[in-house]
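Taking it in order: structure first as structure tokens, then the write-up.
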Amino acid sequence: MTQVRDSFHSRIGFVLAAAGSAIGLGNIWGFPTNAANNGGGAFLFVYLVVTLLLALPALYAEVYIGNQSQKNPVSALGDACKNISERLGRNAGIIGLCGAIMMLSFYTIVAGWMLSHALSAITQLMGFNELSSWLGTSSTERNLVFTPIFILLGAAIIHQGVNAGIEKWSTRLMPVLLIMLFGLIVYILQQPGAMEGLKVYLVPDFSQLTNPKLIVSAMGQAFFSLSIGVGGMMIYGSYMQKDKDLGKLVISITALDTGIAFLAGLLIIPALFVAQHAGQQVFQGNQLIGEGQLIFHILPELFASMGTIGLIVAIGFFMLLSIAALTSTISSTEVPVAYLVEDKNISRHKATWLVSGTVLFFSMLLIAFFDVLFGAFIRVLTTILQPLSCLFYFIVVGWLWHRGNKLRDKALQVDRPWLKHWGNYIRFVCPILLTVVFVNVAILN
Ligand code: PFF
């Protein structure tokens, strides 16, 4: 059965959807936490370097493979590896797909917390104090309610398809997110204590730069933040018309993602110092008291200390995180959905429910064995699966195309002198750099 493939209808639709995938809890929660724990400005500096040297080329490679093949990641990688082993490529695609399910199973739990905290502030504003305190307090029951709600929200968008669902909602939600973020920054920066936080964030302590943990954390953060290595960006690349100027688009996505992470740092790090100024204990030595506590204890207390306006700020903040998380879950969900639709001839409707059901199963498993599984899933995905997938993408783009693969022809049609250097950079430098960092991760773990 040949079907006309759904696609993005505009370049801006693609950029916003891809930026929507990239911009998520990783930017607004992960990046500032990592920065606060790893020397503030020093982390920011290393993060920017790693993004430029490694994450941006990896994003390019992933989007490029998808765009050239115009297929889902399993078929795309299978095609790209035809000359050596189609099965190897397809298996790599399947591993990425499992990574997407892994990502969704912990991400939807955290996203559920964001949603419940937003509702906690709303119900408090309405005077339902008991309900508000239940919504604002971590519990298994709360996870059992909000994780499925979040999975359903994502499914409702995916179910509508690429143009009517993903493109339309990303175009609507992303500007709202930006406006909310700016509003919150302006508010927080006016509070006492904020300037001290700003200094820690913007003035790098270069003595931290030799710390190998810093580079490893920055790389993991950059890959997670740009959604690389699970096929989400590959599938979005495949929904773009072939042979667009991908370089420019990839640079825009990276700039937007990095820009939002930077802005989130401008919000969260000063907010921590505002909390400290207000008498809360935020740091123990150089470390934040706990990643979970950062947003879920310190910030709600800070908001509460601001009275009614604080409740409104809290609603804005947690809605912001919920929206950012929603647009990120969409791209991961689309990876297995597109595979089932295109390769297994299952209807989009059925595929969406099948994938959502699988994610629900794994997230329930994580909730049941939270202490053992939650951190382990995050670690395996970000420190093993994502870097290895990226290494594979570099090898596919840099080496397999040079073996006369049909993908190569298109790649080389673009007649620009710098493209040759870019090709060599992806071919030689990126795999070596990535291997060096990866070996470091293994040693540090
Ligand atoms: N980039 C998202 C974030 O920063 O929160 C997380 C993510 C989304 C990772 C989609 C992987 C993915 F496929």
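The values are calculated or read from the model by the stated rules, or taken from the named source; none is laboratory data. This is a predicted model, so every value here is computed, not measured. FYI the Cβ positions are ideal-geometry reconstructions off the backbone, even for glycines, and counts take in every protein chain you see. Side chains included, ligands, DNA and RNA excluded: accessible areas come from the protein's heavy atoms. Shrake-Rupley method; radii C 1.70, N 1.55, O 1.52, S 1.80 Å.
Within the span defined as region 155-175, one or more residues are modelled with pLDDT of 85 or more and open to solvent by less than 30 Å² (accessible area, probe 1.4 Å).
Screening the candidates 49, 74 for the property of being surrounded by fewer than 22 Cβ atoms within 10 Å (Cβ to Cβ), at pLDDT 90 or above and hydrophobic (A, V, I, L, M, F, W, C) yields one hit, 49. Checked against the criterion of being closer than 22 Å to residue 40 by Cβ, not acidic (Asp, Glu) and not in a helix (DSSP H, G or I), region 301-324 has no qualifying residue.
The number of residues in region 105-127 being away from the ligand (no atom under 16 Å from the Cβ) and either open to solvent by less than 30 Å² (accessible area, probe 1.4 Å) or touching a Leu at 6+ places or on another chain (Cβ under 9 Å) (or both) comes to 10. Taking region 246-272 as the range and being modelled with pLDDT of 90 or more and open to solvent by 20 Å² or more (accessible area, probe 1.4 Å) as the test, the residues that pass are 251, 252, 255, 256, 258, 259, 262, 263, 266.
Residue pairs whose Cβ atoms lie under 7 Å apart, sitting 6 or more positions apart in sequence or on different chains, and linking a residue in region 197-219 that is of a type in the set (Val, Ile, Thr) to a partner that is exposed (fewer than 14 other Cβ atoms within 10 Å of the Cβ), are 216/444. Residues that are among the hydrophobic types (A, V, I, L, M, F, W, C), exposed (fewer than 15 other Cβ atoms within 10 Å of the Cβ) and at pLDDT below 85 are absent from region 185-197.
The residue list 234, 219 contains one member that is modelled with pLDDT of 85 or more and farther than 22 Å from residue 167 by Cα, which is 219. Would you check which residues across region 346-367 are touching a residue at least 40 places away in the same chain (Cβ under 8 Å), aliphatic (A, V, I, L, M) and open to solvent by 50 Å² or more (accessible area, probe 1.4 Å) and list them? If the condition is that a residue be touching a residue at least 40 places away in the same chain (Cβ under 8 Å), aliphatic (A, V, I, L, M) and open to solvent by 50 Å² or more (accessible area, probe 1.4 Å), then 360, 364, 365 are the ones that fit. Just one residue in the set 165, 229, 237, 183 is touching a Ser or Thr at 6+ places or on another chain (Cβ under 7 Å) and either within 16 Å of the ligand (Cβ to nearest atom) or in a helix (DSSP H, G or I) (or both); that residue is 229.
Cβ separations smaller than 7 Å between residues 6+ apart or across chains give the following pairs from region 384-398 residues that are over 16 Å from residue 98 (Cα atoms) to residues that are open to solvent by less than 40 Å² (accessible area, probe 1.4 Å) and charged (D, E, K, R): 393/62.
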